[in-house]
Amino acid sequence: MLTFKMDASDFRKRGKEMVDYIADYMETISNRRVTPDVEPGYLAEKLPKKAPKKGEEFNDIMIDVDKYIIPGITHWQHPHFHAFFPAGNSFPSILGDMLSDAIGCVGFSWAASPACTELEIVVLDWFGKMLGLPNEFLHEGGTGGGVIQGSASECVLVTLLAARHTTLKDLKGRFPFVDDGILLPKLVAYSSKLAHSCVEKAGMIGLVKMRQLDVDEHFSLRGHVLERAIEEDRRLGLIPFYVCATLGTTACCSFDHLQELSEVCAKESVWLHVDAAYAGNALICAENQHYIRGIENATSFNCNPNKWMLVNFDCSLMWVRNKELLTSSMAVDPLYLQHKHDDKAEDFRHWGIPLSRRFRSLKIWFVIRTYGVEGLQHYIRKHIRLAKLFETYVKNDARFEVMGKVTMGLVCFRLKGPNSLTQKLCRMINESARLYTVPALINENYVIRFCVCAQDAMESDIEYAWRIISQEASELLDQRASIESNIEAEKNDRPEEVENNGEFDDVFPDFDDEIIFDQQRSNLQRARIRRNLFMRMVSDPKCYNPKVLRALNTDKPRHKSESDGEK
């Protein structure tokens, strides 16, 4: 028997209080530290070791939220949060999610909740048209359609598994007596070396080879590079079957050359998936739709409204040009097919790994109807304009340089000089707790990623951020000049030591251009500097780990192994 419960009357009271709490949090978020001042394990020390035997008062729960939970939050909606990519959010999205939670349906089939299935179909067609996707990708086009997944990682994995199934099915038709265990190791997939680590992980889960190819000077995967890799692998007896192109890479928001890649994939009959998790949202603005030239030859496409379209997590949209490619590869329980109303929508429910599905389309529907296409376009364009403003500040300061082309809401920049300088600057910025940024490693150049994230970001926020960065850079360079002066004095005082031991260490010996983060050299100066937890919290570790990047370099000569004989 419950010792305490919340009835409808209590819910009305506490629900209104919670709405006020949320609104107050959003309105006053700029008054908080952007990152928390806590150490790992802080929460376990403050909370009881066992769950309460009897129910507690809601007031007591909220007191503990303020005392223990909020102090450990990194505030992604903060105007000084410039790390990762935006975590989309808005009041209409929150309200849509509240209603979805209240309805509490599990939309595994049309009969399980017709509106859940049908609104998703409608909203995905709305969104596809906003992005400029060809009619073949829409439900109303008849051959394709869209579905909501939890994340871009799921979209990549689902499409890779579908491509693998389709390829193996075709191969079994041609070679019926060849075992799957012989065919599977021959499959090979491709992406650029700047693709998100979820692509590599999908290959691992799918038990297929994943080649990550070099990019050009604009950090873009080009068609001739892919074509050469496919030709090389075919000569080795391998079977190319899947390519993941990225529009808006995690490290620097660069764009693979979709037109060229799509032509190669069409010629080679290879599944082409387009991962546009962040930047794809900007396609709602006509001036950005040139990035998807060639999409008519792609097989699937995804973008995340929960990044840059004011929709809260989780919500990743995926479209396919031919839905039969998915429905034939995803297991469908025949028990569901007995529902006579399911004939049209049943397969649609099975375009992903989980059977159970949330009513995510409600929050998208709320957001689109509240802001309208024009309001959302204004929001995207404002973020791009603010990023260009920040780029101007960087370019006008001779101490810095911008890496890559600024096209969306992300600017990658670095201090001129050794990587250790920019690495130290990034740490100083984050330790100040006035801004939050994360690093990336682009072609062995250590950069700081500055992303416009806050929903209501303003020019004053960009000016503030640059002022902090500039101040920290000045302090850093002054320290460096002082250390260099001391080193020069030591050289003059102890010339015999310099002659015997060679050059002195870099002016910041606790940083190493080749081995960074957890593999840094141990020395006294490093021991005096507390490692910053937040510096290591980037969403894609591959983008800043030089050892991983070097391992992914595929320009080395490749040789046919004994196990890779001709089929």
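Coordinate range of the alpha-carbon atoms in segment 356-420 per principal axis, descending: 51, 32, 13 Å. Rg and Dmax over the alpha-carbon atoms of segment 112-222 stand at 17.5, 51 Å. Here segment 80-145 exposes an accessible surface that is 64 percent carbon and sulfur, computed with a 1.4 Å probe and the other protein chains kept in place. Using all pairs of distinct alpha-carbon atoms, the Kirkwood hydrodynamic radius of segment 1-106 works out to 16.6 angstrom.
Looking at segment 1-94, how many pairs of lysines come closer than 15 Å at the Cα, when each pair is eight or more places apart or spans two chains? Don't jump to the answer; show the numbers that get you there.
Values: Lys5/Lys13; Lys5/Lys53; Lys5/Lys54; Lys46/Lys67.
So the count works out to 4.
The length gained by stretching the chain between Tyr464 and Phe91 to full extension, at 0.36 nm per residue less their Cα-Cα distance, is 131.7 nm.
Working from the pairwise distances between different alpha carbons, so that the mean of 1/r is found and then inverted, what is segment 228-318's Kirkwood radius in Å?
Mean inverse Cα-Cα distance, inverted, gives 14.0 Å.
Distance between the 7 Å Cα→Cβ label points at Lys54 and Ile205: 4.5 nm. Given q = 0.20 Å⁻¹, what are the Debye log10 I(q)/I(0) values for segment 177-282, with equal point scatterers placed on the Cα positions and solvent ignored? Once normalised to I(0) and log-transformed, intensities are -1.00. Subtracting the Cα-Cα distance of Gln471 and Glu324 from their residue separation scaled by 0.36 nm leaves 47.2 nm.
Near Asn89, the amide H atoms lying under 5 Å from its own belong to Leu310, Val311; only residues 5 or more places off or on other chains count, and H is placed 1.01 Å from N.
Accessible area of Trp76 (1.4 Å probe, protein heavy atoms only, ligands and nucleic acids ignored): about 90 Å².
Could you run the Debye sum over the Cα atoms of segment 127-184, one equal point scatterer each and no solvent, and tell me log10 of I(q)/I(0) at q = 0.25 Å⁻¹, two decimals? Per q value, in the given order, log10 I(q)/I(0) is -0.99. The distance between label points at Lys405 and Ile69 comes to 4.5 nm (points 7 Å beyond Cα on the Cα→Cβ vector). Considering only the Cα atoms of segment 51-151, their convex hull presents on average a projected area of 10.8 nm².
The values are calculated or read from the model by the stated rules, or taken from the named source; none is laboratory data. All values reported here derive from a predicted model rather than from experimental measurement. All Cβ positions, even for glycine, are placed from backbone atoms using ideal geometry, and neighbour counts span all protein chains on display. These accessible areas exclude ligands, DNA and RNA; they are computed on the full protein's heavy atoms, side chains included. Shrake-Rupley method; radii C 1.70, N 1.55, O 1.52, S 1.80 Å.
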